[in-house]
1. Give the relative contact order (percent, whole number) for the range A:281-420; include only Cα pairs under 8 Å separated by 6+ residues.
2. Residue A:33: net charge of surrounding residues, Cβ under 15 Å, Lys/Arg +1, Asp/Glu -1, itself excluded?
3. Just to verify a number: what accessible area does residue A:508 come out at with the full protein assembly present, 1.4 Å probe, Å² rounded to tens?
4. Distance in nm between label sites at residue B:50 and residue B:16, each 7 Å beyond Cα in the beta-carbon direction?
5. Please report the accessible area of residue A:255 (heavy atoms, 1.4 Å probe, ligands and nucleic acids excluded) in Å², nearest 10.
6. Shielding by partners for B:102-113, please: the mean number of other protein chain Cβ atoms within 10 Å of each residue's Cβ.
7. Evaluate the charge dipole of chain B about its Cα centre and quote only its size in Debye, nearest 20, assuming +1 on the Cβ of each Lys and Arg and -1 on the Cβ of each Asp and Glu.
8. What value in Å³ per residue do you get for the convex hull of the alpha-carbon atoms in the range A:357-436?
Amino acid sequence: MNPWDLIMNNAPALAIAIPLLGAFVTPLINRAGRKAMLVWVIAVLAFTEFIALLLVYQVNTYGIQVYVFGANPHTLTVPPDSGGIPVRIIFTIDGMSAFTALISATLGLVVGIYSVGSEKFQTAQEKFFALLLLLVVGMMGMALTGDIFNFFVFLEINSLAAAALVSYHLNKGKAVEAAFKYAVVSSIGALMILFAIAILYGEYDALNMAMIAQRMYQTGFSTYDMIAMTLILVTLAMKCGAVPMHYWVPDGYGEAPGGTSAILVVASQASLYGLFRMSFTVFGLSANTSSLGWFMIILGLLSMFIGVTMAFLQHDIKRLMAYHAVSQTGYMLLGVGVGLATLGTAAFNQYGLYAMEGGIFHIINHALYKGLLFLTAGAIIYRVGTSDLNKMGGLAHSMKFTAVFFLIGAFAIAGIPPFNGFASKLMIYESVYQLNPFLAIVAAIVSMLTLASFLKVFHSAFLGPKIYDVKEVPKSMLFAMSILAFFIILFGIFPNIAIHYLVAPAAHALANPLGYITKVLGGGA
Amino acid sequence: MNPLVPTITTPSGVWNPLVWLMVFLLSLIIALIIYMRGEKTRKKGMQAGVFFSGDRPPEGMDAHIAAHNIGWGFMEALRPYYRAMRKMHTGIINDYVGWFLGILAVMLIIFLFWGGA
């Protein structure tokens, strides 16, 4: 088999194996020097990005992909002697999985490039980059796996790597405290998910998501299922930072290094992916999707409004942006929640699917512009040494590129045309309005408050008399920011590129749990 | 759907960013033409100066408004709301876990008694 076929056939496994191997080899390569280590890390992240693109291509061209570890052929999901149960670990990649994997790999690569410059003067850089790669493993694994226990394992890798990265700068113990809080809430959440998995395994003798979904549908939705579903969904809502379980977000994002905050946004989105995957694929056929949809809508409304109003109060640039991350998560929950609430009704085809597409489009847009905003915040802190907006001012005199990148990110998050945030928000407003106009009104008001909040940041940090005599940040940091700025503008002016290749396949995959189940349990021949 | 066509069709209308950009650029050009037809003999260097009630600010005075002063009116108007919000955001880990477990319990009750299946 030639190398290209090898890569094509094993892309799902390589998406995990490459960054995992990369993480453990990084400290060894660091012995040969910092430059060698950095080249290695960027090469691993670039290859992971390539694999993620390949997965998107495979899913868009050939449909849902399955990869069975240890099977020959690797598509043999149900071996003849297994009693009809998919016994091995199976990666199942549909449009939503590939979409999440691509965002994870892209932000991983961008943050890797950014951190070459931003962490230049820090000690133990090999540990930082090893943890960054492990975080990418966790996110990719959560997105690709079709096994519920495997999902738990990758969630743990995600949480532990993220907590360690949050504490990387120490910051007189504040960062360590934030990491401790993040680790505690994540561990308790993980315990809840483990408990739910035990319930489902006890009931259905299976850990495969498709198998659980099918058996749940055949036997009816029991009280145990209800308990397991609540444990999983509430925990994943907490992990993605939904109000009123968002308290760890400003602490974690606020104290993490700039680049790490950007990748933490995507780490939280991996939990959001989990929330959507469980709601639609595992419980969607059996549970009351209307109740689940309204659960998401209410969490979305609370997150949008409380997130943005709390952001307005902040004068720490990172905490302010963290509250905005909570607020923006609300839009995603709202859009996809409306889709879930209308699933199986005529309204789904009228506006529910469109709301889902808007919510899913907002996921990638948020990863891009909030990633960019956190990188600009990191650039400011890198130069002026403080995150307190009260002590800043006049930075546009000397950090012109950073100022422009900040403006692009700020306009995008505030939903100013023609940036990408406008396109996804428009899709959300015009579809959720049809379920209830109040939802669209709250979303529009939150968008205005977001603009006001970011004008405050721009005025405080960049305008006014020159206070700091500083230089622009290193080129690697500017390059990383320019990548995200480019995609913000591209997806703003040509939204159909993202919608056609990424968003619509993801929305259709979520809305079609039967296709997912059939692909896995059909034998995979 | 052609991915390179920028028009997106929503349930209530359409959005084309290129049309918006063209209108925006046209507006800028019109604004520039009006600006260029303005008074040529104006004094230069005064327009961007900082004035307090028509006077120049005293020497050494900080002309920059700090972040905590921006949006003061908004936060003052919503003082009861912000008081409640500050009480919720304690920064104590016990409270974080408490909220999580509390929401978990509430959702269990809601799903068990008012739907979920």
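The values are calculated or read from the model by the stated rules, or taken from the named source; none is laboratory data. Worth saying up front: this structure is predicted, and the values here are computed from it rather than measured. With ideal geometry, Cβ positions are generated from the backbone for all residues, glycine too; neighbour counts draw on all protein chains shown. Each accessible area value is taken on the protein alone, full model and side chains, heavy atoms only, with ligands, DNA and RNA left out. Shrake-Rupley method; radii C 1.70, N 1.55, O 1.52, S 1.80 Å.
1. Relative contact order here is 22 percent.
2. +3
3. Looks like 100 Å² after rounding.
4. Rounded to a tenth, the inter-label distance reads 4.6 nm.
5. Ignoring ligands and nucleic acids, residue A:255 comes out at about 50 Å².
6. Counting Cβ atoms of other protein chains within 10 Å of each residue's Cβ and averaging gives 5.
7. Magnitude of the dipole: close to 380 debye.
8. That works out to 100 Å³ per residue.
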